[in-house]
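Contents: one structure, followed by commentary.
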Amino acid sequence: MAASQPPPVEIAPLRVLRADGTILDPEFIDSVPASDIARLYAAMVAQRVYDDRMIKMQRQGRLGFYLACTGEEACAYGPAYALRDDDWMFPAYREPGVALWRGFPLQTWVDNLVGNCDDPVKGRQMPVHWSARAQNVVSISSPVGTQIPQCAGTAYAMRQRGDDAVAICFFGEGTSSEGDFHVGLNFAGVAKAPAIFFCRNNGYAISTPYEKTTATPHIALRALGYGIRGQVVDGNDLFAVIKAVREAAAFARAGHGPTLIEAKTYRLAAHSTSDDPKAYRSREEEAEAAAQDPLPRLRRWLEAQGLWDEAREQQTQAEASEAILAALARAEAKPHPPLTTLFDDVFAARTPLLEAQALELAAHLSSGDSAYRASGGH
Amino acid sequence: MAFEFKLPDIGEGVVEGELTKWLVDEGAEVAEDTPLFEVLTDKVSAVIPSPRRGRVAKRHFGEGDVVPVGAVVLTIEESGAAPTAAASAPTAHAQAAPIASYVAAPAAPVAPVAPAAGATIAAPVTALTQANERVRAAPATRKLARSLGVDITRVAGTGDHGRVTQEDVTRAHAGASPAAAAPRASAPTAAVAPPRAPATPAAPVAPTALGADEVTKLLGLRRKISERMRHSRDTAAHFTYVDEVDFTAISALKDQLRDAGLRTTYLPFVMKAVAIVLQRPEFHSLNAHVDYQAGTLTKKAGVHLGIATATDAGLLVPVVQDVHGKSLRTLVGELSAVADAARANALPVASLSGSTFTITSLGKAGGMFATPIINQPEVAILGLHKIEKRPVVVGDAIVIRERMYMSCSFDHRIIDGHIGAAFVQAVRELLEAPALLLADLR
Ligand SMILES: Cc1ncc(C[n+]2csc(CCOP(=O)(O)OP(=O)(O)O)c2C)c(N)n1
Ligand SMILES: [Mg+2]
């Protein structure tokens, strides 16, 4: 059987907005309403305020853990904007923006971080492993790469059903060297599944630099090996990210199969609150990367269009700060999830063993000498 | 309302952190997010912002202390805030009776100790426990004390944190040291220890301009240096080999280069010579990392030289990478960049690791020779000393030559004596006849 023409792999990075805020591709800009761009920018500014607040919260002992997306905001808000609300999203831990942009309530996000009774996953997950079902965003898995085959399978199922929605998953470049990456992309290629594999190449997998995780100069090149479409994009350029995801979605909806997008960006912050990049990279490197920061770049363009100014910047930051502090105050005032729910949700009905354990706990709680409170509390 | 701020686990499963720096004084007013202190853990170093507003009532630890996660680091007297339900439980310091402060639940109706009896019984018990706990000594030391019939609680310890050492015990046994007879300072063992000698009413001492002794904590870098030096000494079997090198020829080259506009010290020449010799197969084991736990020696492909460098904060060893492949000119440039960065305290952390062999040089203050301590996991270190004109016998004449001693320490576990000696001789040969150096120069 003659092989059909393989889809293209483009390694020249797709770019719309230069670092100085000027435009390379005016045609594309016309396809995005200016008011949307200002809203996206405001959302990314707010995200940075949230991240900053959460890191402080962790240092104060009020959150067990946090992980910021500083410098990589465009890689969450761009795709969320480019896709339809019925497209499924499978984020890693670094893209709260995909859900927040779709209207995931800030309060619920914070309730999850704190792990209180209004946390949709009842305080059973590590902070940052939130779940936004109503937004068609699938829960975050801790083992990296889990979401890649999940996304491929979901996309395949949608195609089988005749839906014209697509599924997108997000992962880091380090994760792309995990076995799940191969499983997901190979399967999706064979099945021509309407999937988008969005790789945030931020240069590091915790402390491991890119060069120590793979010998390929571009993650996107791996698309060749799976016979799928590949595209490198400037991940610090919100417009380019939107454009790349739109094109990939159109390609998938037309039945041509998946795209592997590699967004080149940089993790400006630490990997997480458990990490300290001073131990493995230089201040010079960080300063160089900060010059490519997606936020100031977009702001320059917005200001040139008369869509933004310092007053709006201040106001956006103040509002975000107020909103997050209020949400945190509410979240901290709420009790923990009731202890008695501990036995639910793994099985549809409690197994006899779980039932016995639940009874034992209930007896202990009612005996009066328990250090725990049945109803939750602090 | 007193808020007790406990050290959070700021890095997934961290159990303790070193408090490296206080950023607020006792009595200071703090707002939410005011930076309180800096802490260094196994995973991160971080500034801890205040979760509350108020006045710093007490700092419970000092700089350099290792604070367990969960321990109260500071107490903040909150201002303005109405006591919350959770925070309104009576705190220990509100209790008047000293015994009661050890009883967790103040309102507990069935306190196991009757208050009246508690006051009289508890005291001696506490004193005894303290006496026992205060003695720090290794089991072998205790055994020695028992076998000699020495009451270890009466021996003044001279070790770390007042630890009683075997020497302390033997001295006490021999009654040799006056210190041994004195009670351990502050140990509540007055009943069994001989009374402290009364202060001698000595003749008034002439006042001098001396101030008080100055005690400083071993913090941050100093502590790291201490640990690493100790570890190297404890594990490597150091032997040091010294020989004298004639630098007259290099000195002439150096002058020629200077006249051509390249100002250099002797160090780049030595670096090149060392790199060339280390690349010879017979000396590969000197350009290596040893991992005794894993039982492995990793011979390194490239030569990356650590250059021991004095900085204001203490000794650092920035690394010049790939010395084997660099020109003299490049090395001159890199060394001066390293020196600048060291002076500005701006050595990038990444530049401080990865060396395969270290050179330590004190320049003009280099003295005659030394016994350098190996920069582990490396297995050898070269010390350079003062270059000066010395009379030397050449043929049957006494001539004046520029000479320097080189001291090279090796880890004898890995490097046999004749290999170490041959290495120093090979380096010496190249330095004394720079034509040979040129032959292999890259
Ligand atoms: C299967 C698995 N291995 C290891 C880890 C530990 N871990 C958590 S995040 C991470 C780094 C992932 O790096 P990358 O994929 O580049 O994503 P980034 O954090 O840079 O966004 C690692 C190794 C894990 N969570 N799961
Ligand atoms: Mg990464």
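When we screen A:197, A:251, A:239 for residues that are away from chain B (no Cβ under 14 Å), among the aromatic types (Phe, Trp, Tyr), surrounded by fewer than 23 Cβ atoms within 10 Å (Cβ to Cβ) and over 24 Å from residue B:347 (Cα atoms), the only hit is A:251. Strands (runs of 3 or more DSSP E) fully within the stretch B:1-45 that include at least 1 residues being more than 10 Å from chain A (Cβ to nearest Cβ), surrounded by 16 or more Cβ atoms within 10 Å (Cβ to Cβ) and touching a residue at least 60 places away in the same chain (Cβ under 8 Å): B:2-6, B:16-22.
Of the strands (runs of 3 or more DSSP E) lying entirely inside the stretch B:373-442, those containing at least 1 residues that are closer than 16 Å to residue B:273 by Cβ are B:380-384, B:397-411. Residues in the stretch A:211-247 that are within 14 Å of ligand 1 (Cβ to nearest atom) and either out of contact with any helix residue (DSSP H, G or I) (no Cβ under 9 Å at 6 or more places or on another chain) or small (Gly, Ala, Ser) (or both): A:211, A:212, A:235.
Among the residues making up the stretch A:155-178, a single one is surrounded by 24 or more Cβ atoms within 10 Å (Cβ to Cβ), part of a helix (DSSP H, G or I) and more than 16 Å from ligand 1 (Cβ to nearest atom): A:155.
Within the stretch A:200-230, how many residues are more than 9 Å from ligand 2 (Cβ to nearest atom) and either assigned to a strand (DSSP E or B) or within 14 Å of chain B (Cβ to nearest Cβ) (or both)?
Narrowing the stretch A:200-230 to residues more than 9 Å from ligand 2 (Cβ to nearest atom): A:207, A:209, A:211-212, A:214-230.
With the extra rule that they be either assigned to a strand (DSSP E or B) or within 14 Å of chain B (Cβ to nearest Cβ) (or both), the set shrinks to A:207, A:209, A:211-212, A:229-230.
Summing the residues that are more than 9 Å from ligand 2 (Cβ to nearest atom) and either assigned to a strand (DSSP E or B) or within 14 Å of chain B (Cβ to nearest Cβ) (or both) in the stretch A:200-230 gives 6.
For the stretch B:342-362, a residue qualifies if it is without any contact (Cβ under 8 Å) to a residue 40 or more places away in the chain and of a type outside the set (A, V, I, L, M, F, W, C), and the qualifying residues are B:343, B:345, B:348, B:351, B:353.
So how many residues does the stretch A:53-95 have that are assigned to a helix (DSSP H, G or I), in contact (Cβ under 8 Å) with a residue 12 or more places away in the chain and not small (Gly, Ala, Ser)?
10
Among the residues of the stretch A:94-143, write down those that are under 16 Å from the mean Cα position of the chain (by Cα), crowded, with 19+ Cβ neighbours inside 10 Å and charged (D, E, K, R). Passing the criteria: A:94, A:95.
For the stretch A:30-51, a residue qualifies if it is buried (at least 17 other Cβ atoms within 10 Å of the Cβ) and either within 14 Å of another protein chain (Cβ to nearest Cβ) or hydrophobic (A, V, I, L, M, F, W, C) (or both), and the qualifying residues are A:32, A:37, A:38, A:40, A:42, A:43, A:44, A:45, A:46, A:49.
Which ones in the stretch A:53-71 are within 15 Å of ligand 2 (Cβ to nearest atom) and either of a type in the set (A, V, I, L, M) or touching a Pro at 6+ places or on another chain (Cβ under 8 Å) (or both)?
First, pick out the residues of the stretch A:53-71 that are within 15 Å of ligand 2 (Cβ to nearest atom): A:67-71.
Scanning the stretch A:53-71 gives A:67, A:68, A:69, A:71.
Here residue A:330 meets the list (1) closer than 30 Å to residue A:118 by Cβ; (2) within 16 Å of ligand 2 (Cβ to nearest atom); (3) modelled with pLDDT of 95 or more almost entirely, failing just condition (2). Taking first residues from the stretch A:259-278 that are facing another protein chain (nearest Cβ under 7 Å) and partners that are of a type in the set (Val, Ile, Thr) and crowded, with 21+ Cβ neighbours inside 10 Å, the Cβ contacts under 8 Å between residues at least 6 apart in sequence or on separate chains come to A:273/A:55; A:273/B:10; A:273/B:44; A:274/B:10; A:274/B:44; A:275/B:44; A:276/B:44.
The values are calculated or read from the model by the stated rules, or taken from the named source; none is laboratory data. A quick note: this is a predicted structure, and the numbers were derived from the prediction, not measured. Neighbour counts are summed over all protein chains in view; Cβ atoms, including those assigned to glycine, are modelled from backbone coordinates with ideal geometry.
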